[in-house]
Every structure is written in structure tokens, then in C-alpha cells.
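Structure, as C-alpha cells:
The values are calculated or read from the model by the stated rules, or taken from the named source; none is laboratory data. Values in this document were obtained by computation on a predicted structure and should not be read as measured data. Backbone-built Cβ (ideal geometry, glycine too); neighbour counts: all protein chains shown. Each accessible area value is taken on the protein alone, full model and side chains, heavy atoms only, with ligands, DNA and RNA left out. Shrake-Rupley method; radii C 1.70, N 1.55, O 1.52, S 1.80 Å.
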Amino acid sequence: QVQLVESGGGLVQAGGSLRLSCAASRSTFSSLTMGWHRQAPGKQRELVARISVADWPTYADAVKGRFTISRDNAKNTVYLQMNSLKPEDTAVYHCYSRTAYGYEYWGQGTQVTVSS
């Protein structure tokens, strides 16, 4: 079982920045693939970014060049630095983790609202 707690969401103007954090309860954090998804009202949940156990990042095309995912294994935390935010980035952002056996765990989500 992995418990995930997100923080860092909020309201920001277009062009601004936010940094999301996700703290995981599991002591074997370094063995987890970590990532962020988002879900806007009326839309399906979509992958934003993920980072492998080897620190390889993957990004959705919509956020490439603007968002950066990183992890700190000593703090059991994954981060999502979001720059040049756009109104279309408005969504609930969910942290997730995936074990080596394919089990997935999700956080409750944090709201990000970008005003125009």
C-alpha cells in the first residue's frame, strides 16, 4: 500500500508558475514509477508526466517545454514544476505511483486554476 499526499495547487494567472509536491508513505519510494495525471471538468483524466525509477521523464505533448517532473528519493517526494501556465492547464492534478508489480496508487488530487 502506498499513500500519496499532494500539495502546492492554487490559483495563478496565465504565464505564472506553480510547483506541485507529492509525498509518498512507502519507504521503498526509489522502486516506484511516479507521475502526475490531471482531469479537467467534463474531460477524461490524462497523463501529464511520469518519471521512472531510473529518473527518465516522460511528458504529454501539451506540457513539453513548460513542465518539469523530478523526484527526491531521500524525501520520498515527486515534484511537478509548472511554468508558463495556460488557462487550459486548469484541472485537478493527481499524483500516482506504480510498483514493479504493476500496482497503482493515487492521491486525492490538488486543484490548479489558471486565470486568463
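So here's what we get for this one:
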| quantity | calculated |
| --- | --- |
| Test: residue in region 54-67 that is out of contact with any strand residue (DSSP E or B) (no Cβ under 8 Å at 6 or more places or on another chain), under 23 Å from residue 1 (Cα atoms), without any contact (Cβ under 8 Å) to a residue 24 or more places away in the chain and among the small types (Gly, Ala, Ser) | yes |
| Conditions (1) open to solvent by 30 Å² or more (accessible area, probe 1.4 Å); (2) without any contact (Cβ under 8 Å) to a residue 60 or more places away in the chain; (3) not aliphatic (A, V, I, L, M); number of the one not met by residue 86 | (2) |
| Matching residues in region 1-13 - criterion: being surrounded by 14 or more Cβ atoms within 10 Å (Cβ to Cβ) and within 20 Å of residue 91 (Cα to Cα) | 4, 5, 6, 7, 8, 9, 12 |
| Region 103-116, subset small (Gly, Ala, Ser) and more than 15 Å from residue 46 (Cα to Cα), residue most open to solvent (accessible area, probe 1.4 Å) | 116 |
| Tabulated pairs, region 105-116, first farther than 14 Å from residue 15 by Cβ and of a type in the set (Phe, Trp, Tyr), second assigned to a loop (DSSP other than H, G, I, E, B) and open to solvent by less than 30 Å² (accessible area, probe 1.4 Å), C-beta under 9 angstrom, 6+ apart or interchain | 105/2; 105/32; 105/99 |
| Where residue 71 falls short, out of the listed (1) touching a Phe, Trp or Tyr at 6+ places or on another chain (Cβ under 8 Å); (2) open to solvent by less than 50 Å² (accessible area, probe 1.4 Å); (3) touching a residue at least 60 places away in the same chain (Cβ under 8 Å) | (3) |
| Search result, residues across region 27-39 that are open to solvent by 60 Å² or more (accessible area, probe 1.4 Å) and in a strand (DSSP E or B) | 39 |
| Residue within region 74-93 that is among the aromatic types (Phe, Trp, Tyr) and within 16 Å of residue 44 (Cβ to Cβ) present | yes |
| One residue from 49, 91, 24, 100 being open to solvent by 70 Å² or more (accessible area, probe 1.4 Å) and of a type in the set (Gly, Ala, Ser) | 100 |
| All strands (runs of 3 or more DSSP E) inside region 40-116 with 3 or more residues being at pLDDT 95 or above | 46-51, 57-59, 67-72, 77-82, 91-98, 110-115 |
